[in-house]
Every structure is written in structure tokens, then in C-alpha cells.
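In what follows, a structure is listed as C-alpha cells, so that the remarks can point back to it.
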Amino acid sequence: MLWTARRADRFPHALLITGPAGVGKRRLVARLAHSLLCQAADAVGTPCGQCRDCDLWAAGNHPDYMEIGPDPEGPSDEIRVASVRRLAESDALTAHRGGYKLIVIDPAQRMNTAAANSLLKTLEEPSPGTLLCLVCEQPSRLPATVRSRCQPLPVSVPREDEAVAWLSRQVPASEASKLLSVAAGAPLRALEVAQSGELAVRDQIFAGFAAVGHGKRDPVATAAGWNQYEPAILLDWLSGWMGDLLRLSSGHPEPRLTNADKSDVLRSLAGRMDPAAGHRFLRDILSAKAAEGATLNRLLLYESLLVAWMRITSR
Ligand SMILES: [Zn+2]
């Protein structure tokens, strides 16, 4: 689709590439960038692999490819205005090698307000031959003014059978389905889960969650054990388990569970949970997730969530 637009010279100036973690947004951007930079790509955009541009790309230092992200040594994980302002410098938007110029902003939702405003100026006065790619998992957190100036390119979760087939070539086939459900259907995320040993951590966190829900473990002590883990991933798991618990308490005879590997324990927890309170609890988890990036005391967050969880399962 994009390639047809390129050949017709109707290529957009800015793309907003969205989709959940691990569906291949960055692979798509890299593939697109390489295609556009190669001087001899074929009719469907496959790079030749032999020209000077392909050499520069393979070496990771093509002068017309630029990534803007949070400063790894900066005081926060925001994308700051100084990084975006470089785009407004005289030759920043002109290709050195005469072809396309690619600028990737990733993750775009990390731009602070000043950075987003600065980007807006660039979007309002696009330079021919320049393509801005905003990579973003939460487009709702971008200013509407920025969103409206980009062509949306959603990358969706692939069909389950396709994803399982792909994943089974990388991991033991018996684990593919479980990994995929843990990764909410996103195959690259599933592969990352397999390679990072995350599944064992998830089992351990789930055991703590279940023990608190059964009144067998102290919520504060459990929270202390969780403190070494990032809220982003832990809150994802919690909201997934709560989603399944609410499905189980909805009265549906055979609800389809996301965490099928935990169905027995989830069933027993659902029997102890007050569903209305469960909905409120899920909302609390989701708002903690939405506050990602804001300064928060991780231990305090885990303590308050686990104490709330204990209360709603003590009937
Ligand atoms: Zn090439």
C-alpha cells in the first residue's frame, strides 16, 4: 500500500505507526526505511543489498536515517525539546545522499509538551523527500494536533494460527500457544518473553497474587518481593488476570480466558471475589498503567494494590 504511494509520488510526510507492544512496529519502520534509502529497490520495495546506501544501512550509519528517543542519560525518560529542535536546524531535513530522509521518533508518546509543539512546526512545514515516522503504543497520549497531521498506519495483532505457526519455528511448539497468550497475541513480544525468562517471573508473581487472594500471604510482604519488577509489565499481567477473573464471574458457562494456563487457580479466586469490587480494582490497575512515566513510588503502588486485592477476596 505504502509502496504504491511511493511510486505514484504521493508518499505522506509523516506516518503514525501504532499497535500493541511486540507486533512488529519497529521491524516495519526499519524495513520501510531501508526500502526508501536503497537507490535500487525492486518494484515491491525489496532493497538491492548491494548499493552504497544498502552498505551504509547495514553498517548502521546511513546519514539520512535519524532516530529520536529519550536521552538514555537524561534525568527523565521524556523526549526533550532539544532533540526535536534539531530537526528545525538548516540542513537537518535535507537528505545528504539525494534520496529520502528518514526521521523516526520512538516512542512518540514520550515527547514532552515542548517537544511536541516543536515537532508540530516541522509537521506544518514538511520538506519534500522527508518522512517522519512516529512510533507509538498509546496514540491517545499524543496531542491531537500532532496526530491529525500524520497518516495513521496501525499494525495489528496477527491471526492466532499465523502467529503460532511463526512462533513455533523459534520456540518449542508446545510452548507457542502459552507464550502467545501471555503476550496478548503479539508474536515478537512472545519471543521476547521466551528469551528473557519472563515466564518464570510471571509464574512467581502470579503465585504471590493467588496466595494473597486466598488469604495465605501478607500483601505488604508480597509487595516487597515485587518491588524489583517494573510496573509496566507487572500491571499488564495484573490487568490480564483481573480481566479473566471478571470473565469467570460474569456467569458465562465457558468464558474464553487469556491466561488459560492459570485457569484452575483463577476459577478458585473468582469464587472468592466480589465482582463489583473487582471492576473497581481493574479500573485502579488501568489508571496506574496510564500514569506510566509519571513519578510514582513503586512499592507504595504494589502495597496499595495488594491490600485492595486482599480486601475484595476476603469474603
Ligand atoms: Zn540498495
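The values are calculated or read from the model by the stated rules, or taken from the named source; none is laboratory data. The model shown is predicted, which means the values in this text are computed figures rather than measured ones. Cβ placement follows ideal geometry from the backbone for every residue including glycine, while neighbour counts extend to all protein chains displayed. These area figures cover heavy atoms from the full protein model, side chains too; ligands, DNA and RNA do not enter into them. Shrake-Rupley method; radii C 1.70, N 1.55, O 1.52, S 1.80 Å.
Taking Cα centre as origin and charging only the Cβ of basic (Lys, Arg, +1) and acidic (Asp, Glu, -1) residues, the dipole magnitude of segment 153-225 rounds to 140 debye. Which shape class applies to segment 181-264: rounded if a/c is under 1.5, otherwise prolate when a/b exceeds b/c and oblate if not, where a ≥ b ≥ c are the square roots of the Cα gyration tensor eigenvalues? Judged from the Cα gyration tensor, segment 181-264 comes out oblate (a/c at least 1.5, b/c at or above a/b). With contacts taken as Cα pairs under 8 Å at a separation of at least 6 residues, segment 140-221 carries a relative contact order of 19 percent. In straight-distance terms, cross-link reach from LYS101 covers every one of the lysines whose alpha-carbon lies under 26 Å from its own, apart from those fewer than eight places away in the same chain; here that gives LYS25, LYS121.
Ellipticity at 222 nm from helices only: DSSP H runs of n ≥ 4 in the chain, each -39500 (n - 2.57), divided by the residue count, give -15000 deg cm²/dmol. Using equal-weight Cα scatterers in the Debye expression, the normalised intensity of segment 19-65 in log10 at q = 0.15, 0.21, 0.34 Å⁻¹ is -0.39, -0.68, -1.23. The magnitude of the dipole of the chain, with charges of +1 and -1 set on the Cβ of Lys/Arg and Asp/Glu and taken from the Cα centre, is near 620 debye. Full extension of the chain segment joining ALA232 with LEU299 gains 22.8 nm, where the gain is 0.36 nm per residue of separation less the Cα-Cα distance. Per atom type, segment 149-288 shows carbon and sulfur on 53% of its accessible surface, probed at 1.4 Å. By the gyration tensor of its Cα atoms, with a ≥ b ≥ c the square roots of the eigenvalues, what is the shape of segment 14-111: rounded for a/c under 1.5, prolate for a/b over b/c, or oblate? Note, shape of segment 14-111 comes out oblate.
Net charge of the neighbourhood of PHE206, taken over other residues with C-beta under 15 Å away and scored Lys/Arg +1, Asp/Glu -1, is 0. Backbone geometry of segment 138-144 corresponds, through the Karplus equation with coefficients 6.51, -1.76 and 1.60 at θ = phi - 60°, to 3J(HN,Hα) couplings of 10, x, 5, 8, 8, x, 4 Hz, x marking Gly and Pro. The relative contact order of the chain comes to 18 percent, based on Cα pairs under 8 Å that sit 6 or more residues apart.
Here is the list for segment 165-239: trypsin sites (Lys or Arg not before Pro) lying in DSSP coil, each with at most 10 other C-beta atoms within 10 angstrom of its C-beta, are ARG169, LYS216.
In nm, what is the difference between 0.36 nm times the number of residues separating GLU124 and ASP203 and their Cα-Cα distance? So the extension gain works out to 23.6 nm. Backbone phi angles across segment 145-158, fed through the Karplus curve with coefficients 6.51, -1.76 and 1.60 (θ = phi - 60°), yield HN-Hα couplings of 5, 6, 4, 5, 9, 10, 7, x, 9, x, 10, 9, 5, x Hz in residue order; Gly and Pro are listed as x.
Within the listed set PRO158, PRO72, PRO47, the Gaussian network model of the chain (springs between alpha-carbon atoms below 10 Å) gives the highest mean-square fluctuation for PRO72. Taking amide H atoms as placed 1.01 Å from N in the peptide plane, the amide H of GLN151 lies under 5 Å from those of ALA14, LEU15, LEU16, each 5 or more residues away in sequence or on another chain. Full extension of the chain between CYS48 and GLU73 gives 5.3 nm of extra length, using 0.36 nm per residue less the Cα-Cα distance. Remark: relative contact order (segment 223-286) = 40 percent; criterion is Cα-Cα distance under 8 angstrom and separation of 6 or more residues. Amide H contacts under 5 Å for MET111: ILE79, restricted to partners 5 or more places along the chain or on a different chain, H placed in the peptide plane at 1.01 Å from N.
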